[in-house]
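Heads up: the structure comes next, in structure tokens.
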Amino acid sequence: MEIPRAIIAAAVLLSAMITAASAIAGTATYYTTYLPSACYGFADQGTMIAAANPSLYANGGACGSRYTIRCTGGTNQTPNPCRNGQVTVTIVDLCPGCGPNQFDLSYEAFSVIGNPDAGRIQIDYTQ
């Protein structure tokens with residue numbers, strides 16, 4: 001028995017809407033010194049990494065968690081703050097100065113979704 005294409009298309013659309021609705025708004029900045037990290041010390045975890053704000057970090061409970069992040073806009077007057085697409089990062093560190101719903105992304109991860117000249121961007125993220 002073949003499933004009609006209209007049902008498949010509706011399921012894909014519904015799935016995308018649920019994912020978009022569950023995204024959390026926040027902000028992102030970037031950093032460039034990756035070692036040592038609060039989670040892994042001097043063990044290299046690559047460059048698609050991030051530091052989490054204290055509440056998200058949860059005393060190390062977030063170490064190794066992965067988040068998908070996309071830029072939604074700028075926080076200052078820098079033209080074209082966003083780049084298309086999204087990036088998935090792994091939490092490797094604590095960002096003690098970050099506010100609620102803020103990530104400090106590696107420079108490489110930030111550059112995938114945002115213009116580094118902006119310094120800080122608005123984001124949506126999901127785990």
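The values are calculated or read from the model by the stated rules, or taken from the named source; none is laboratory data. Predicted model only: the values in this text are computed from it and were never measured. Reconstructed Cβ throughout: ideal geometry from the backbone, glycine too, with neighbour counts over all protein chains shown. Note: accessible area is taken over every heavy atom of the protein model, side chains too, but ligands, DNA and RNA are not part of it. Shrake-Rupley method; radii C 1.70, N 1.55, O 1.52, S 1.80 Å.
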Practice task
Answer yes or no: is there a residue in segment 43-59 that is open to solvent by less than 40 Å² (accessible area, probe 1.4 Å), closer than 19 Å to S22 by Cβ and β-branched (V, I, T).
Solution key: no
Fill in the blank from the handout: Exception for G85 within (1) farther than 14 Å from V112 by Cβ; (2) assigned to a loop (DSSP other than H, G, I, E, B) falls at (1)
